[in-house]
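Everything on this sheet refers to the single structure shown next.
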Amino acid sequence: MEEENFLTDDFLRQLIDVGEADILLGLPTHNNAKTIGSIVQTIRNCILRNFPRERAVIINADGGSRDGTQELITGLSISDVRPVAGVYALRTLHAISTQYATSPRNGEALRTILSAAELLRVKACIVISPESEGITSEWISSLIRPVYYEGFDLVAPTYSRHKFDGLLTTNLLYPMVRAVYGARIREAYMSEFGFSGRLASHFLGRNQWRDAIGESGTELRLLLAAVTGGFRICQSFLGKKDPVERRAADLVPTLRQSVGVLFSALESDFAVWSGISGSPEVPTNGEGPALLLEPLRINRKRLWEMFVKGVSELESVFQSILTPTTVSELKRIAALKEEEFNYPAELWVRTVYEFAAAHQKSLINRDHIIQALAPLFRGRVFTFIVENRTGSANEVADNIENLCLEFERLKPYLLDIWKSGE
Amino acid sequence: MREMIISELSQAVHELAKGFAHYLPRLIVMLIIAGVGWLIAYVVKALVRSILQFIKFDRMAENAGASQMLSKVALPSATELLTRFAFWLTWLGFLLLGASVLGIMGLQEQAASFFLFLPRLFVAMLILFFGVLAAGFSARAALLAAVNANVPSPKLLSLAVRSIIMVFVLSVVFEELGVAEQTMLVAFGIAFGALMLGLAIAFGIGGRNLAQRFLEEKFVRLNKERDEDELSPL
């Protein structure tokens, strides 16, 4: 309960007023006034229709909004007498907001929500991204039900996405988490997810979590903590996910908060993952993840150019990170013409594993290692797009599955290079 | 006359023998100090080598780019170089200490000034080491940032960052050592000014097209690229 110390007195007082709750709905926000109103309305409707007898509370952890986000959330609590769309609430839906800092910090936001969950002794919690405008009541129910009624500790989402949306997830995070941790979780970097109070308490008690407070990628840490802690995990299909608008320059921060977190976790979880082989299916509610095929404009030439430039300019950096064989292979494919270019799956997997081992050994500054991966990832994206340009949903799914199998096949190689410097 | 010569000669031999007898113990003490100093220097050498190997100093030097610099000028590894340096510094200290026992005025002054110089030498070495580390780190950071931002000529940018930091570090090191302080200050001013002027001229006149392309890419083509290449990685 030392988490209480970092919560403000006012927030603690509000939590004490609530007492205990069954369901907690966490909203980490920062200037999300445009979208948060409809999200809270959806939450409200979902609770009224699907969980009318449960004690529910919305916890907003705000990172210093100045657009009235907090007021929008707290203004939408439900009193226990007011009817909404013909449905009467049997319980009060509390909505509490706290500002944990004056600037957004992903780790602090989740820590606030987890601490509130622990203090309120909730059975089920969900965290919803304030950017998810397309959220529906069914999404929320799909995340709460497995925890509340079926005893699962973590519910990861799956979505229908465009075949070229989330390429870091399909080309690195999903296959690597699956191969290394033996968990087939499609969306390793979760923007919406559900979890139990038990998992929240476990995660809050981890030392490495305390070390990483304030860092990004805490959702991924939570997922890996659930996997390594032997918690019950399932996936729920939520529906179509709209792509989040990102600029090309956002790739490095994205790599830091996803791949960087994964590489760091590999170090502390070595004792667990080194003994895992294979990857059993994770129970999935609803349909499986589907791939959408609408035409999408992509500047392939730019991806190829940035790969070629990266390999040529960063050769000295790669020599510190990668084996000589991998460096020479990269130089060979960088010399190919655009139409002949191919970054094969095996070379990509070796590259990623060597980067992970270099990160563990801190061969050079760890952030530099993550930054150096960006141009190579662009090369892999180029190949993935070319290979799947005309592919049907099934063909693309098969290609992703083959990449996952390649990651699993080469796991002994990761173990070899991981131990080589010890 | 003959007796006088014999007397003077015997007195001179006597004086010589007396002087030799006076210096012999000191010489022996000096040799003992030198011998013990060699042993201590040897132990220091082994100790320094163990510490440097334990902290993986060679890897640090390699990461900072110092190893590459050393191998270019046919010097041994950073660990070996520092180990030898520690050995010779320790032994030289003992040799000067031993020499001072002989009571030779000039040598005593030299020994005293050597021991006074040691702390400054140590600080200068420390500044140089961390300076090389900082230059290597910053140059690599600039290179990676430039490559990922698709900035033209990333290696040139990285080299410029390394050069600026190294010029600054060297000027501080020479100032600490007290070697040609004024000259180094002026040299630093000239070198730094020339570098900045050179960059300004190169970017303004020589690299006019490059600058135009850079600015266009930064402010005009950005929106176009946004429309064309909006892949969400996660």
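The values are calculated or read from the model by the stated rules, or taken from the named source; none is laboratory data. Computed from a predicted model, the values in this text were never measured in an experiment. Glycine gets a Cβ as well: all are built from the backbone with ideal geometry, and neighbour counts include every protein chain shown.
The number of residues in segment A:282-294 being part of a strand (DSSP E or B) and either at pLDDT below 85 or in contact with a Gly (Cβ under 9 Å, 6 or more places away or on another chain) (or both) comes to 3. Filtering A:Ser264, A:Ser279 for residues that are of a type in the set (Ser, Thr, Tyr), part of a loop (DSSP other than H, G, I, E, B) and out of contact with any Leu (no Cβ under 9 Å at 6 or more places or on another chain) leaves a single hit, A:Ser279. Quick one: is A:Val308 β-branched (Val, Ile, Thr), within 14 Å of another protein chain (Cβ to nearest Cβ) and either surrounded by fewer than 18 Cβ atoms within 10 Å (Cβ to Cβ) or under 27 Å from A:Thr390 (Cβ atoms) (or both)? Judged against the criteria, A:Val308 is a match. Residues in segment A:358-412 that are within 14 Å of another protein chain (Cβ to nearest Cβ) and in a loop (DSSP other than H, G, I, E, B): A:Ser362, A:Leu363, A:Ile364, A:Asn365, A:Arg389. Is it true that A:Phe152 is within 14 Å of another protein chain (Cβ to nearest Cβ) and assigned to a loop (DSSP other than H, G, I, E, B)? Answer is no for this residue. Here is a check on your reading of the model: is A:Phe384 among the aromatic types (Phe, Trp, Tyr), surrounded by 15 or more Cβ atoms within 10 Å (Cβ to Cβ) and closer than 20 Å to A:Leu251 by Cβ? Judged against the criteria, A:Phe384 is a match. Considered as a group, the residues in segment A:19-36 that are part of a strand (DSSP E or B) and in contact with an Asp or Glu (Cβ under 6 Å, 6 or more places away or on another chain) include one that is surrounded by the most Cβ atoms within 10 Å (Cβ to Cβ), and that residue is A:Thr29.
Here segment B:137-188 is the region considered, the condition is being acidic (Asp, Glu) and surrounded by 15 or more Cβ atoms within 10 Å (Cβ to Cβ), and the residue that is nearest to the other protein chains (Cβ to nearest Cβ) is B:Glu176. Of the candidates A:Arg297, A:Arg302, the single residue that is among the basic types (Lys, Arg) and either more than 10 Å from every other protein chain (Cβ to nearest Cβ) or assigned to a helix (DSSP H, G or I) (or both) is A:Arg302. Can you confirm whether segment B:126-136 contains a residue that is within 10 Å of chain A (Cβ to nearest Cβ), surrounded by 17 or more Cβ atoms within 10 Å (Cβ to Cβ) and modelled with pLDDT of 90 or more? The answer is no, given that none of the residues of segment B:126-136 is within 10 Å of chain A (Cβ to nearest Cβ), surrounded by 17 or more Cβ atoms within 10 Å (Cβ to Cβ) and modelled with pLDDT of 90 or more.
Filter segment A:37-49 for residues that are within 25 Å of A:Gly64 (Cβ to Cβ), surrounded by fewer than 18 Cβ atoms within 10 Å (Cβ to Cβ) and in contact with a helix residue (DSSP H, G or I) (Cβ under 9 Å, 6 or more places away or on another chain) and give the result. Correct list: A:Gly37 only. Of the residues B:Phe85, B:Phe20, B:Phe94, B:Phe57, the single one that is at pLDDT below 90 and either within 14 Å of another protein chain (Cβ to nearest Cβ) or touching a Ser or Thr at 6+ places or on another chain (Cβ under 7 Å) (or both) is B:Phe57. If you go through segment A:70-83 one residue at a time, do you hit one that is at pLDDT 90 or above and in a loop (DSSP other than H, G, I, E, B)? Scanning segment A:70-83 turns up no residue that is at pLDDT 90 or above and in a loop (DSSP other than H, G, I, E, B). Residues in segment A:41-68 that are over 22 Å from A:Leu110 (Cα atoms) and assigned to a loop (DSSP other than H, G, I, E, B): A:Phe51, A:Pro52, A:Arg53, A:Glu54.
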